[in-house]
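Novice: Sending over a structure as structure tokens; questions will come in a sec.
Taken together, the values in this text are just the output of simple stated rules run on the coordinates, not laboratory data. Owing to the predicted nature of the structure, the values given are computational and were not obtained by experimental measurement. Cβ: placed from backbone, ideal geometry, glycine included. Neighbour counts: every protein chain shown.
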Amino acid sequence: MTEGLNVIANAMGIFVGIFLALILLGLLCILFMYIIDRSQTKHAIRHNYPVVGRFRYMFEHLGGFFRQYFFALDREEMPFNRAERSWAYRAAKNLDTTVAFGSTRNLNIPGTVLFTNSSYPTLEKEAAAPQAVIIGEGCRMPYCATSFYNISGMSFGAISKPAVLALSKGASMAGCWMNTGEGGLSPYHLEGGADLVFQIGTAKYGVRTPDGKLNEDKLRELALNERIKMFEIKMSQGAKPGKGGILPAVKVTPEVANIRGIAIAQDSISPNRHVEVDGPESLVDLINRIREITGKPVGIKAVLSSAQELDEFFTVIAKRGIACAPDFIALDSADGGSGAAPQSLIDYMGLPLKESLPMLVDKLQEYHLRERVKVVAAGKLITPSGVAWALCVGADFITSARGFMFALGCIQSIQCNKNTCPTGIATHDKRLQRGLDPMDKSERVKHYALNMMHEVEIIAHSCGVKEPRLLRRCHARIVGDNGLSIPLNELYPEVKTIH
């Protein structure tokens, strides 16, 4: 008995000793921080309020996370609110997306979109499957695209190996295409089996010569790959119109550097534009040069700034002949932004899709190019309402990057431009990547795409048409400054072809 008490007493003594040692160590750490804070003059708060002042920076960093979970209402966050994220998460997990007790959406805010329900909605037996659309009918190898909702450009390097694998596999299962982004073609794009759109950025990663020009031999080699269905010339993107891609050095791993053809662990900064393109004439030249080399559809990706730029571009096409037109135009929105960008550009540069999409569609109609050039719309279209709106305005296809990031598990931690993404999507940290299982997440990518298309079909049927691509501007209205809505076909009246 006495021996047992001695053992307990010894154990307690050791515990107390460790506890006191930890307290002493903690006090020494606080003293050390106090001395450092008092000695430095870079941060006034830390100098004037040593140790305690450090909490200010911690709270500033954590504020974004606490707001989205505890303080923000369902409809007030940016860039995506809780209601939008919640729908994307449920769709990706293939859970019930119905809600109860009425909408939390304020229908009186100017710019709010409302769809016009038909008194005679389409019955299930009357509904039709969305028709496949052929892109590049005049090409040697045109592309028959079956899905109207697809994956927008996200480069390997910007996102991780397991993320690329999950997206490619999920796209293959859902029957939609995947854009490679400007970072070149990785083995993981091919491994999943998806149809691919190879994006040629201003740095021409994957198809560049040592001095950064277009390597026609590499382009021909890529064109032989049956998984690559189209080529996209990236002129600009929503996050940063007028500036090239930015991949920080910490994300330029040896593998990323090898695929891109650049130096390891150095910032990967793309030029502001393609060196061979300084106007509409040279842009048409580049489009046709790539199409001739590859034999596959070639389009451009851009953020619009004015109708004048379209007039200049389409006038050149009208003079040369309709065959020289791009096979598609991927229109990005000023409120796009999965990529790293200067805040001055991400906040203020370019036109949002609600203004630029009707402008593009109408200009194509005006120059007799609407049937020839397919329109791909992108920019915060992560819910069925946004996609249906774009179809009403005149888009043939919609693509999304951030919607599919949510499908992968993105929590909007706003760390895409670092190597610290907590979900493993936008990081090359192996420890963080372990939580992203490509097989599990590919199922979520598939479900997100399929549920998106299904719910857009629900909107279309409620409007009285048989399939989503039959939606027209008359099927949607937009709330004005007086709180009353007007039809989109009155806001954007039909354009006459005068050229």
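Novice: May I ask you to sort S356, S86 by Cβ crowding, counting other Cβ atoms within 10 Å and putting the fewest first?
Specialist: Exposure proxy ranking, most exposed first: S86, S356.
Novice: Where does the chain land at 222 nm, in deg cm²/dmol rounded to the nearest 500, when only DSSP H runs of n ≥ 4 count, each adding -39500 (n - 2.57), divided by all residues?
Specialist: -12500 deg cm²/dmol
Novice: Using label points projected 7 Å from each Cα along Cα→Cβ, tell me how many nm separate Q308 and T253, to one decimal.
Specialist: So the two model labels end up 4.7 nm from each other.
Novice: Output the peptides 265-277, 177-189, 23-35, 460-472 sorted from most to least packed, where packing is the average of other Cβ atoms within 10 Å over each peptide's residues.
Specialist: Packing order, densest peptide first, comes out as 177-189, 460-472, 265-277, 23-35.
Novice: Going by average Cβ neighbours within 10 Å, how do the peptides 326-334, 126-134 rank, with the highest at the top?
Specialist: Going by the mean number of other Cβ atoms within 10 Å, highest first, we get 326-334, 126-134.
Novice: Beyond 28 Å between alpha-carbons counts as too far, so tell me which of K234/K430; K251/K380; K229/K441; K380/K466 fall in that bin.
Specialist: From the list (K234/K430; K251/K380; K229/K441; K380/K466), the Cα-Cα distance tops 28 Å for K234/K430.
Novice: What is the order of K229, K218, fewest Cβ neighbours within 10 Å to most?
Specialist: K218, K229
Novice: Mind ranking 418-427, 389-398, 250-259 by how tightly packed they are, going by the mean number of other C-beta atoms within 10 angstrom, highest first?
Specialist: Per-residue Cβ counts within 10 Å, averaged per peptide and sorted highest first, yield 389-398, 418-427, 250-259.
Novice: What's the angle, to the nearest 10 degrees (0 to 90), between helix 280-294's Cα axis and the longest principal axis of the chain?
Specialist: The angle comes out at about 90 degrees.
Novice: If you average the sequence gap of Cα pairs under 8 Å that are 6 or more apart and divide by the length of the chain, what percent do you get for the contact order?
Specialist: Result for the chain is 19 percent.
Novice: Further question on the same structure: Treat the count of other C-beta atoms within 10 Å as a stand-in for reagent exposure and order C474, C176 from fewest to most.
Specialist: Placing the least packed residue first, the sequence is C474, C176.
Novice: Also: List the residues of segment 279-299 whose backbone N lies under 20 Å from a point placed 7 Å from the Cα of R140 along the Cα-to-Cβ direction.
Specialist: So the set is 285-299.
Novice: Setting aside same-chain residues fewer than 8 positions from K354, which aspartates and glutamates have a Cα under 15 Å from its Cα?
Specialist: Once the sequence-local aspartates and glutamates are set aside, what remains near K354 is D332, D335, D362, E490.
Novice: Report, to the nearest 10°, how far helix 54-66 tilts away from the longest principal axis of the Cα atoms in the chain, using its own Cα long axis and a range of 0 to 90°.
Specialist: It works out to around 40 degrees.
Novice: Here is a further query. Classify segment 246-290: rounded, prolate or oblate, from the alpha-carbon gyration tensor (a ≥ b ≥ c, eigenvalue square roots; a/c under 1.5 rounded; otherwise prolate if a/b is larger than b/c)?
Specialist: prolate
Novice: Between the alpha-carbon centers of segment 75-138 and segment 372-429, tell me the distance in whole angstrom.
Specialist: Between the Cα centres of segment 75-138 and segment 372-429 lies a distance of 15 Å.
Novice: Another question, then. Under a Cβ-Cβ cut-off of 11 Å, what is the net charge of the residues other than P187 that fall near it, where Lys and Arg count +1 and Asp and Glu count -1?
Specialist: Result for the local shell: -1.
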